[in-house]
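Working notes, beginning with the structure itself.
Bear in mind that the values in this text are calculations on the coordinates, not laboratory data. Note that the structure is a prediction, hence the values are computed from the model and not measured. Using ideal geometry, Cβ is built from the backbone for each residue, glycine included, and neighbour counts are taken over all protein chains shown.
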Amino acid sequence: MQRTTSDESRDPGSPFPVRKRVAFSQHGGYVAGARSAQGALSGRLVRLASNESAFPPLPGVMNAIHSEEDAVVRYPDNDASELRSRIAEHHGLSSSQVAVGNGSLALVEQLMHVLVDPGDQVIVGDPSFIGYSSVGKVAQADIVRVPLSGSSLDLEAMAVAITDRTRIIFVCTPNNPTGGIVGALELESFLKAVPTDVLVVIDEAYREFVDDPRAANGVDFLDRANVLCLRTFSKAYGLAGLRIGYGLGDPQLIAALRSVQLPFGVNALAQRAATLSLDSQTELEGRVATVVSERLRLEEALTDIGLDVRPSQGNFVWIVLEEDTASTVKALAARGVLIRGYGHGMRATIGSPADNDAFLTALTSVRDRTGE
Ligand SMILES: Cc1ncc(COP(=O)(O)O)c(C=O)c1O
C-alpha cells in the first residue's frame with residue numbers, strides 16, 4: 001500500500017518521517033559532550049559542570065558491584081522491594097509511600113505521564129533545574145517560568161501563576177543552579193494557597209548539603225496528598241552514573257507513578273548500591289561536612305577576587321555576572337575546567353580541594369586576561 005506523508009511532518013534532515021522532535025535550549029557556554037572534546041586539549045579535566053560527587057562510592061559499594069554476577073545476568077526486581085523498604089525505614093515511612101526511578105528525573109517523566117496532557121501547565125522557577133522543562137516539553141506541557149526572588153524560588157509569584165490548567169509546580173530546594181532554599185514557614189503558607197488538585201513536587205536533590213536551620217524538609221509535608229518529595233542518590237551519595245533516585249508521597253500517587261514505570265527500569269546494580277549506601281550515614285555525613293566547608297572556602301575566595309557570589313546550600317557555588325557568562329565558561333573550558341553557564345550566572349560544583357583550587361586559579365587567570 002502506498003502511504004503519503006505530509007511535508008510538515010518530515011524532518012528535512014532525515015529520510016525517515018520523524019513525527020515529533022523537541023528543541024532543547026542550551027545554557028550559554030555549556031556544550032554537551034565537552035568532556036571528550038576538551039579532554040584531548042587539556043589532559044586532566046576538572047569536571048565541575050554537573051554537581052556530581054568528588055568522592056568514590058560509599059564503603060562496600062564497589063565490592064558489592066564487582067561480585068553481583070546475577071545483577072548483570074538477570075533482570076532486576078521490578079518492584080525494587082528491598083531498596084524501597086530500606087528507603088521507607090530511613091525516612092520513617094512505609095514502602096507504599098516510596099517509588100524508585102532510573103534517576104529522580106525518570107520519576108519527573110513518570111509524573112508527566114500520569115498528570116499532564118498536552119497544553120497543561122507546569123510551573124517552574126526561572127532559572128531552575130532544566131530537567132523539568134526538558135521532560136515537560138516531551139509531554140507537550142506548557143512550561144510556565146516564574147522568575148526567582150534573589151537566589152530562591154518566589155513562591156508567592158508561583159502561587160499567583162496557578163490557573164485551571166496547572167497540574168504540577170516544581171519547588172526545587174536548594175534551587176539548582178542558584179543554591180537558595182525555601183523556608184519551612186514559607187512552604188507551609190504556600191501549600192495552603194495551592195489547590196489540592198495541583199501537585200507540588202519538592203525536589204530536594206541537594207538536601208544533604210543544607211545547613212540552614214530555616215530550610216523546609218519536604219518529608220515533613222507528606223501528610224498532604226498533593227505533595228511529592230524527590231530525592232536522589234546522584235549527588236551526596238555519589239551514584240550519578242548508576243542512575244537511581246526516589247520519590248516519597250501519598251500511596252495512591254506512588255502507585256500511579258509505579259504503574260507507568262518502564263518495566264525493569266531500575267537496574268539491579270543501582271538498587272544494590274543504593275541499599276548499601278544508606279548503611280553508611282556516618283561516612284556520608286563526613287563527606288557532606290567536607291563539601292560544606294569547601295563551599296564556604298570557595299565562596300570566600302571568589303568574593304575576594306571581586307566576584308558576586310550568592311550563598312548556596314547545594315554542592316555548588318553560584319556566581320552572578322554583569323556580562324554574559326558564555327565567554328568565561330568557554331575560557332575556563334579551554335583551561336580544562338568545566339562549569340555551567342546560565343546567561344548572567346555561572347554554577348560550579350564543589351569538587352575535591354585540588355579541583356576547587358584549579359577552578360580558582362583558572363578563573364583568576366581568565367579574569368586577569370579580560371582585565372576585570
Ligand atoms: C534539582 C535536581 N533535581 C533532579 C536532578 C536529577 O537527578 P537524577 O540524577 O536523580 O536524575 C538534578 C540533577 O542535576 C537536579 O539538580
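Using amide H atoms built 1.01 Å from N in the peptide plane, name the residues 5+ places from residue 316, or on other chains, whose amide H lies under 5 Å from its own.
Correct list: 350.
Based on the Cβ-Cβ distance of residue 225 and residue 357, what FRET efficiency does E = 1/(1 + (r/R0)^6) give at R0 = 45 Å, to the nearest 0.05?
0.40
What does the extension gain come out to for residue 138 and residue 259, with contour length at 0.36 nm per residue minus their alpha carbon separation?
Full extension of this stretch gives 41.6 nm more.
With θ set to phi - 60° and the Karplus curve 6.51 cos²θ - 1.76 cosθ + 1.60, what are the ³J(HN,Hα) couplings of segment 61-72 in order, to the nearest whole Hz, using x for Gly and Pro?
Taking θ as phi minus 60°, the curve returns 5, 5, 4, 4, 4, 5, 9, 8, 4, 4, 5, 8 Hz for segment 61-72.
For the pair residue 145/residue 22, report the inter-label distance in nm, with labels modelled 7 Å from Cα in the Cβ direction.
Placing both labels 7 Å along Cα→Cβ, they lie 1.5 nm apart.
Only counting other Cβ atoms within 10 Å, I'd like 359, 221, 233 sorted with the fewest neighbours first.
221, 359, 233
Nothing charged except the Cβ atoms of Lys and Arg (+1) and of Asp and Glu (-1): what's the magnitude of the dipole of segment 61-277 about its Cα centre? Round to the nearest 20 debye.
280
Would you grab the residues whose amide H sits under 5 Å from the one on residue 161? Only those 5+ places off in sequence or on another chain, please, with H modelled 1.01 Å from N.
none
Against the 2.2 N^0.38 Å scaling, with N counting residues, where does segment 225-354 land? I'd like the Cα-based Rg ratio to two decimal places.
Taking N as the residue count of segment 225-354, the ratio is 1.33.
Jot down the radius of gyration and Dmax of segment 307-372, Cα atoms only, both in angstrom.
Here Rg and the maximum Cα pair distance are 11.1, 31 Å.
Rounded to the nearest 0.05, what FRET efficiency do residue 114 and residue 64 give with R0 = 41 Å and r taken as the Cβ-Cβ distance? Could you check?
0.80
When the Cα atoms of segment 280-342 are enclosed in a convex hull and the volume is divided per residue, what value in Å³ results?
Output value, Cα hull per residue: 103 Å³.
Can you give the helix-only mean residue ellipticity at 222 nm for the chain, where every DSSP H stretch with n ≥ 4 adds -39500 (n - 2.57) and the sum goes over all residues, rounded to the nearest 500 deg cm²/dmol?
Calculated from helices alone, the mean residue ellipticity at 222 nm is -11000 deg cm²/dmol.
For labels at residue 72 and residue 304 in the simple 7 Å Cα→Cβ model, what's the distance in nm?
4.7
Amide H of residue 228: which non-local residues (sequence gap of 5 or more, or other chain) have their own amide H closer than 5 Å, using H built in the peptide plane?
Excluding prolines and chain starts, which carry no amide H, the hits are 200, 201, 202.
Which Rg and Dmax, in Å, describe the Cα atoms of segment 61-277?
16.9, 53
Could you tell me the center-to-center distance, by alpha carbons, between segment 347-366 and segment 103-138 in angstrom?
For segment 347-366 versus segment 103-138, the Cα centre distance is 32 Å.
Using a basic spin-label model with each label point 7 Å from the Cα along Cα→Cβ, how many nm lie between residue 334 and residue 89?
The two pseudo-label positions are separated by 5.5 nm.
Assuming a ≥ b ≥ c are the square roots of the Cα gyration tensor eigenvalues, decide whether the chain counts as rounded (a/c under 1.5), prolate (otherwise, with a/b larger than b/c) or oblate.
rounded
Taking the alpha-carbon set of segment 246-300, what are its Rg and Dmax in Å?
Cα only, segment 246-300: 17.0, 47 Å (Rg, Dmax).
Give the separation of the Cα centroids, segment 237-297 to segment 159-216, in Å.
20
Return the single residue from 60, 249, 218 with maximal mean-square fluctuation; model: Gaussian network over the chain, springs between Cα atoms under 10 Å.
Comparing 60, 249, 218 in a Gaussian network model of the chain, the most mobile one is 60.
Can you list the equivalent-ellipsoid semi-axes of segment 168-279, largest first and in whole Å, using the square root of 5 times each Cα gyration tensor eigenvalue?
Over the Cα atoms of segment 168-279, the ellipsoid semi-axes are 25, 19, 11 Å.
Please give the FRET efficiency for residue 370 paired with residue 214, using the beta carbon to beta carbon distance and R0 = 41 Å, rounded to the nearest 0.05.
0.65
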